[in-house]
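What follows is a short report on a single structure.
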Amino acid sequence: MLYALHELAYHSATPLRFGAQMARQFWTSPFNLASDTAVGRTAFATAELIESITRRYGKPEWRLERVDIGGHPVRTTSEVVWSSPWCRLIRFNRNRDDLKAVNKPAAAPSVVIVAPLSGHYATLLRGTVEGFLQDYDVLITDWVNAREVPLLEGRFDFSDYIDHVRLMLEAIGGRAHVVAVCQPGPPVLAACALMAEDNHPNRPASMSFLGSPIDARLSPTATNQLAEEKPFTWFKSNMIHTVPFPYAGVGRRVYPGFVQLYSFMSMNEEKHIDAHRGYFDSLVSGDGDGVEKHEEFYDEYLSVLDLTEEFYLQTIEHVFQQYSLPRGVLEHRGRKVDLSTISDIGLATIEGENDDISGVGQTQAAHVLTPNIPDTRRLLHVQEDVGHYGVFNGRRFREHIYPRLRDFIQQNEAVSA
């Protein structure tokens, strides 16, 4: 019912949205002599703000046709190298001629970035991809919005996620380097352990975890506390809703992306109100940089996708309530996940000092849980003065975190070669 009401609210706002669009055109028309007055700029800013908060934000574009490498633009093209109804594995190919111009080898180790399946699209990691494209052949998991997957495609749960990680690594071939950002940490670590136990030829050469809840018992945040305080039945009764018509996944039970978005925004309500107030002031004053910065962030932040009921609930159960992986009781299709089997896969953990999603200690717990990895193949780093998103994006990621990950991957590439 909530999903249907959400759709009704969106469509009910259509006249208001169209009116705002018309007003925006009127107050920006070169034939309107009042457009550059205080009244005109205020009216335009009001219309722009109304349109932005009533708009539907679709899946963002990657916008990585060119990346800056060594101060020179390098063209890139993207291709899907593996897919399922639930995910596409995208490779970003760097132009060989452009690489020659910046003295970069055309062949490079493969880095698989496992994007979070927790409400936002993989494009949230655009900066992460751009960072690794400096030196590597980069692939990323592009998860599909559950509301777009027909019921005939069946279920997608926690075990399916682990299987997807394994299948993608197999499809790439060789020993790639896997980077898990936030939510994927536990299932990626489980997949690596299973592949290590099998002595799989395509087990990764290294695994890096950025702000991941490997052991959510440590330094609990508000998100962790909510998962602990509420009984499992509460999540099933209050967070799961049915996809309405006309979506392809009509009838599927999901954790809607808009519910996740509202939850996150309510945690920092004053911050978002201040941001939109600043956006309005920038529109009135004509501060193009302020407007562009706000729109760039919120165009991404407000674009969300749905998760299947089974994946969401099993994540709550395994990661945030039973702590199955760090307690050593996680099973995958009847097989116990044994982290001690990992011995020739490098391990890096990156945390943010001010992370309010995955507290300091939750990610680095992976080092304690994997006792048989040599110390020479480990990296433990806590970045000062960054929150959750700063762990994988922004200036400190580019200047401090990525160089450490680059050196770590190169070291493990040399050992695994």
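Any read-out appearing in this document is the output of simple, stated calculations on the displayed coordinates, not a laboratory observation. Source: prediction; values computed, not measured. FYI the Cβ positions are ideal-geometry reconstructions off the backbone, even for glycines, and counts take in every protein chain you see.
Straight-line cross-link partners of Lys336 among the aspartates and glutamates, defined as a Cα under 14 Å from its Cα and at least 8 positions apart when in the same chain: Glu197, Asp198. Free of any GluC sites (Glu not before Pro) that DSSP assigns to a loop and that have at most 10 other C-beta atoms within 10 Å, the longest stretch within the chain is 62-383. Is region 1-95 best put as rounded, prolate or oblate by its Cα gyration tensor, with a ≥ b ≥ c the root eigenvalues, rounded for a/c under 1.5, and otherwise prolate when a/b is larger than b/c, oblate when not? It is oblate, given that a/c is not under 1.5 and a/b is not larger than b/c.
Sorted largest first, the spans of the alpha carbon positions of the chain along the three principal axes are 72, 57, 40 Å. First check a/c for region 202-329, with a ≥ b ≥ c the square roots of the eigenvalues of its C-alpha gyration tensor; if it is under 1.5, answer rounded, and if not, answer prolate when a/b is larger than b/c or oblate otherwise. In terms of gyration-tensor shape, prolate. Label separation (Arg335 vs Thr28): 5.5 nm, computed from points 7 Å beyond Cα along the C-beta direction. Classify region 254-345 from the C-alpha gyration tensor, please: rounded if a/c falls under 1.5, else prolate or oblate depending on whether a/b exceeds b/c. Since a/c reaches 1.5 and a/b is larger than b/c, the shape of region 254-345 is classed as prolate. Segment Ile53..Glu295, full-extension length gain: 86.0 nm, with 0.36 nm per residue of separation and the alpha-carbon distance subtracted. Separation of region 1-53 and region 89-165, taken as the distance between their Cα centroids, equals 36 angstrom. At an R0 of 45 angstrom, the distance between the Cβ atoms of Ala107 and Glu269 translates into a FRET efficiency of 0.40.
Checking every one of the trypsin sites (Lys or Arg not before Pro) in region 11-58 against DSSP loop status and a limit of 11 other Cβ atoms within 10 Å picks out Arg56. Label zone (Tyr10, point 7 Å along Cα-to-C-beta; backbone nitrogen cut-off 17 Å) within region 286-328: 299-308. Could you tell me how far the Cα centroid of region 363-393 sits from the Cα centroid of region 239-316, in Å? Here the two parts' Cα centres lie 28 Å apart. Local charge for Ile401 was computed over the other residues whose Cβ lies under 15 Å away, with Lys and Arg +1 and Asp and Glu -1, and equals -4.
When DSSP beta bridges are limited to those with both residues in the chain, what percentage is antiparallel, rounded to the nearest 5? Once the DSSP bridges in the chain are tallied, antiparallel ones form about 50 percent. With N the number of residues in region 48-185, Rg(Cα) / (2.2 N^0.38 Å) evaluates to 1.16. Stretching the chain fully between Ala38 and Glu148 yields a gain of 35.1 nm (0.36 nm per residue, less the alpha carbon separation). Loop-located trypsin sites (Lys or Arg not before Pro) across region 330-417 with a Cβ neighbour count of 11 or fewer within 10 Å are Arg333, with loop assigned by DSSP. A simple spin-label model places pseudo-atoms 7 Å from Cα toward Cβ; at Lys230 and Arg404 they are separated by 3.3 nm. Of all lysines in the structure, those lying under 27 Å Cα to Cα from Lys230, and not within fewer than 8 positions of it along the same chain, are Lys271. Three principal axis extents of region 140-220 based on alpha-carbon atoms, in descending order, are 37, 36, 21 Å.
Bridges between two residues of region 276-417, per DSSP, are antiparallel at a rate of about 25%.
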